[in-house]
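Encoded as structure tokens, the structure appears first; notes follow it.
Just so it is clear, none of the values below were taken in a lab; they were calculated from the coordinates. The shown structure was predicted, so the numbers you read here are calculated from the model rather than taken from an experiment. Neighbour counts run over all protein chains shown; Cβ positions are idealised from the backbone, glycine included.
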Amino acid sequence: MKNELKIGSILSITSIIIGSLVQMFYTPMYMKYLGTTDYGINSLVQSIMGYIGMLNLGLGSAIVRYTVRYRTEGKIEEEKSLNGMFLIIFLIIMLISIILGIYIYFIIPELFTEKFTLEELIKTRKVFIITMVGTVVSFPVSVFSTNITSREKFLYQKTLNLLKLLITPIVGAILMLNGFKLIAIVSATIILTLITNLLDIIYAFKIGMRLKFNNFDFKILKDISVYSFYIFLNIVIDRIYWGTDRIIIGKYIGPIAVGIYSIASIFNMIYMNLSLAVSGVLFPRINKMVIERKYKELSDMFINIGRIQYILLGLISSGFIIFGNEFIYLWLGKGYVEVYKIALWIMIPLTIPLIQNTGMAIVQARNQHQFRSIVYFFIALLNIVMSILLVKKYGAIGCAVATGFSFIVGNIIIINIYYWKRANIDIPLFWKNILKMSIPVIITMIIGYGLNYFISDYKIMTFILKGIVYVGVYVALMWLLGMNKNEKKEILNPIKNIKGVKND
């Protein structure tokens, strides 16, 4: 199981790296063959679909939590009944989502008629109805995929995700090169999603998942409802942060501005995924530690995982600050200056909650996430109000400023106090570690700024060479000034093992 956890983390990081490279190559191709408008329409539909996806009510985490508990306590029959109960619940949710989707389909023209042409509205509705198929099917399938997660079968999940990540853009590229447009590409993506859904169902049964549709413990529904409600609030908040901006921009500015904002969001999505690559596979393990009341170990895990995340995110964020504008110019050409500013306004405040995202899993596992969810909900409402006010005056970048400000208030100041005072996480020690590790980050940024000052020509080879120098300096300084003995040992041990194999 420990090896599966490590392999799962490695595959997660591999998927994110490959996914990032795919985005880098695929997005310019998308712009060339489909254009910023189609990119904006697709992104807008994904944002709307995210709101329908909220109907899962946060039950995914509840499935993991309670199936792990039943399995740990040896309650096999109760686990089967729980799976059956969840499947019925999600089938009902699927039906509700279909009704809601039909309603949204008919009001799309009313929502965006001011800034969209008739052709753009027709295309938006077509993309919406196709994407809707994948969303409604995902509800019952989530019972099977989360059961796989609860058994810590990360090798299967991450491998399948990696394959889908590679196949989807390849199919899209082939379609674009042969003259197919947005509708065909979206359809192909949904078909691939449905295939992976079917594989999840088959694999879940293969590894021992069973269903019983009797002897339901309806009393536990109350506990699940309370537990899931606050996770649902977190889902609502995430949707407001990452989806509402595009809807506001679409309504007040139009699909091209949505496309620009969505391109900037690519950087932040990659940034978030890199942070989640390690912590994302820890939720089942954290649940077990909570059951065993290993609270000191949880605090240590929070700090250790945060340090590892900061080593990676410190390189990415500082590198983007120094070289991001040049990269966007070389990547997409002229006309995308605003992308850099939008990405920065979100990326910098986002860094702190990303290196602390293990804390979210800890408070969920300890059933202490209620306060966090309430705070985030009100901060998210503030984000909406600020976004509407600022977008009218400053355009798409106004939404980015509102989101960044919300992160600072809610995700950094208030939540750090909560983690410290209520979740018993040693936040002062965490920040002591992070501030010390920031020294090599700052020194590297100064050196990077010097590189840009003396070498200012926007050429690909020059950019690559500067990047190599920057990464080399960062790694060297982080090794000497930032990393502790355990982190160095984790890096050196595999190298020693490889050498030992060769000597044998």
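Regarding the range 132-255, what's the average projected area of the Cα-atom convex hull, expressed in nm²?
On the way: hull surface 43.1 nm².
Result: 10.8 nm².
Which links in K334/K459; K32/K334; K115/K393; K296/K432; K158/K488 stretch past 20 Å when you go from one Cα to the other? Don't skip to the answer; put the middle values down first.
Details: K334/K459 14 Å; K32/K334 13 Å; K115/K393 16 Å; K296/K432 18 Å; K158/K488 26 Å.
Violating the 20 Å Cα-Cα cut-off are K158/K488.
To the nearest 500 deg cm²/dmol, what mean residue ellipticity at 222 nm is calculated for the chain from DSSP H runs of n ≥ 4 alone, each contributing -39,500 (n - 2.57), summed and divided by the residues?
On the way: 20 runs with 420 residues, N = 504.
Result for the chain, helices only: -29000 deg cm²/dmol.
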Practice task
At a temperature of 10 °C and a viscosity of 1.306 mPa s, determine how fast the range 418-466 diffuses translationally according to Stokes-Einstein, using the Kirkwood radius over alpha-carbon pairs as Rh; express D in µm²/s, rounded to the nearest whole number.
Solution key: 116 µm²/s
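Count charges around G50 for me, please; just the other residues with Cβ under 11 Å from its Cβ, Lys/Arg as +1, Asp/Glu as -1. Display every interim value, and only then the final one.
On the way: positive: R239, R246; negative: D238.
Net charge around G50: +1.
At 0.36 nm per residue, and after removing the present C-alpha to C-alpha distance, how many nm does the segment from I468 to N178 gain when stretched out fully? Intermediate results must be reported in sequence, preceding the final value.
Values: separation 290, 0.36 × 290 = 104.40 nm, distance 3.67 nm.
Computed gain between I468 and N178 is 100.7 nm.
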Exercise for the section: Once you have a ≥ b ≥ c as the square roots of the Cα gyration tensor eigenvalues for the range 342-498, tell me rounded if a/c is under 1.5, and otherwise prolate or oblate according to whether a/b is larger than b/c. Expected result: oblate
Handout entry: Gain upon complete extension [L429, S456; 0.36 nm per residue less C-alpha separation]
Key = 5.7 nm
Fill in the blank from the handout: Filtered hits (aspartates and glutamates, Cα-Cα < 18 Å from K206, offset >= 8 within chain) -> E4, E77, E79, E152
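Given axes a ≥ b ≥ c from the Cα gyration tensor, I'd like to know whether the range 1-217 is rounded (a/c under 1.5), prolate (a/b larger than b/c) or oblate.
oblate
Where does the charge balance sit around V186 when Lys and Arg score +1, Asp and Glu -1, over other residues with C-beta under 13 Å from its C-beta? Before the final figure, lay out the partial values.
Values: positive: K123, R125, K126, K181; negative: D38.
Taking every Cβ under 13 Å from that of V186, the sum is +3.
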Fill in the blank from the handout: In nm², the average projected area of the convex hull spanned by the Cα atoms of the range 221-497 is 16.9 nm²
Exercise for the section: Check cross-link reach from K341 to the aspartates and glutamates: straight Cα distance under 20 Å, and skip same-chain residues fewer than eight apart. Expected result: D245, E326
Fill in the blank from the handout: Taking every alpha carbon pair in the range 121-188 and sorting the distances into 5 angstrom bins from 0 up to the bin holding the longest one, the percent per bin comes out as 3, 14, 16, 18, 20, 13, 9, 5, 1
Practice task
Can you give me the P(r) profile for the range 44-120? Cα pairs, bins 10 angstrom wide beginning at 0, each as a whole percent.
Solution key: 15, 34, 23, 16, 9, 4
Handout entry: Per residue convex hull volume, Cα atoms of the chain, in Å³
Key = 167 Å³
